[in-house]
1. Name, by its number, the condition in (1) surrounded by fewer than 18 Cβ atoms within 10 Å (Cβ to Cβ); (2) farther than 30 Å from G98 by Cβ; (3) not basic (K, R) that does not hold for A50.
2. Scan the strands (runs of 3 or more DSSP E) fully inside segment 38-137 and keep the ones with 2 or more residues being touching a residue at least 40 places away in the same chain (Cβ under 8 Å).
3. Can you spot a residue in segment 83-92 that is of a type outside the set (F, W, Y) and over 26 Å from A23 (Cβ atoms)?
4. If we keep just the residues of segment 53-98 that are among the charged types (D, E, K, R) and surrounded by 13 or more Cβ atoms within 10 Å (Cβ to Cβ), which is nearest to S31 (Cα to Cα)?
5. Counting only residues that are aliphatic (A, V, I, L, M) and exposed (fewer than 14 other Cβ atoms within 10 Å of the Cβ), which one in segment 27-47 is nearest to the chain's Cα centre (by Cα)?
6. If a residue has to be among the polar types (S, T, N, Q) and closer than 20 Å to E82 by Cα to count, how many in segment 35-68 make the cut?
7. Please find, among V95, V87, V65, the residue that is under 23 Å from A120 (Cβ atoms) and over 13 Å from the mean Cα position of the chain (by Cα).
8. Is it the case that some residue within segment 36-49 is over 26 Å from H125 (Cα atoms) and of a type in the set (A, V, I, L, M, F, W, C)?
Amino acid sequence: MTETPNDIQWLIDGYGAWVAGEAIPVVEDVSIDLEAIETGPWSRMGVDGAFVHAHSRGDLCSIYVLDIPPGGSTEPVHHLYEAVYFVIDGKGSTVVEGPGGERRSFEWERAGLFSLPLNAPYRLHNSAAVPAPESRW
């Protein structure tokens, strides 16, 4: 089949298409109260989540909020981009798997800030009695 000019798509926003395909709420504004946004089921993460798009974020920053239920955990995930987490509330732990399969864990709590290594599988666990929403920058 030969493509015609009408078959070609121009100026596709790959990130926007990915966000739409994740089927979770998207909150966009100049100023956003991360503790007040509503989240919805996010199958990739295994917990509720929402994308947060501050108008000044540009193309350099993707933010999302996760609501991890008490005693709950995210699905194991890994990715090829920097991941920095800020803990809005709650406490828990993260288990990170190294290249040889060895596992390391650390604990976090309210106002904690941590970064995860590139392409290392990890999982977040909520050990608090209340949900632990987190925002990722």
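1. (1)
2. Details: elements: 40-42, 47-54, 63-68, 83-87, 91-97, 103-109, 113-116, 122-126, 132-136.
Once the strands (runs of 3 or more DSSP E) in segment 38-137 are filtered for at least 2 residues that are touching a residue at least 40 places away in the same chain (Cβ under 8 Å), what remains is 63-68, 83-87, 91-97, 122-126, 132-136.
3. Taking every residue of segment 83-92 in turn, at least one turns out to be of a type outside the set (F, W, Y) and over 26 Å from A23 (Cβ atoms).
4. First pass over segment 53-98, keeping only residues among the charged types (D, E, K, R): 57, 59, 67, 75, 82, 89, 91, 97.
Still in the running and surrounded by 13 or more Cβ atoms within 10 Å (Cβ to Cβ): 57, 67, 89, 91, 97.
Numbers: R57: 11, D67: 20, D89: 19, K91: 25, E97: 35 Å.
Checking each candidate, the answer is R57.
5. Going through segment 27-47, the residues aliphatic (A, V, I, L, M) turn out to be 27, 30, 32, 34, 36-37, 45, 47.
Keeping just the survivors that are exposed (fewer than 14 other Cβ atoms within 10 Å of the Cβ) gives 30, 36.
Details: V30: 20, A36: 17 Å.
That would be A36.
6. From segment 35-68, those among the polar types (S, T, N, Q) are 39, 43, 56, 62; that's our starting set.
Right, trim to closer than 20 Å to E82 by Cα and you get 56, 62.
Selection size over segment 35-68: 2.
7. Working: V87 fails: over 13 Å from the mean Cα position of the chain (by Cα); V65 fails: over 13 Å from the mean Cα position of the chain (by Cα).
On inspection, the qualifying residue turns out to be V95.
8. no
Coordinate-derived values only; no laboratory data. Source: prediction; values computed, not measured. A quick note on method: Cβ atoms are made from the backbone with ideal geometry, for glycine too, and the neighbour counts reach across all protein chains shown.
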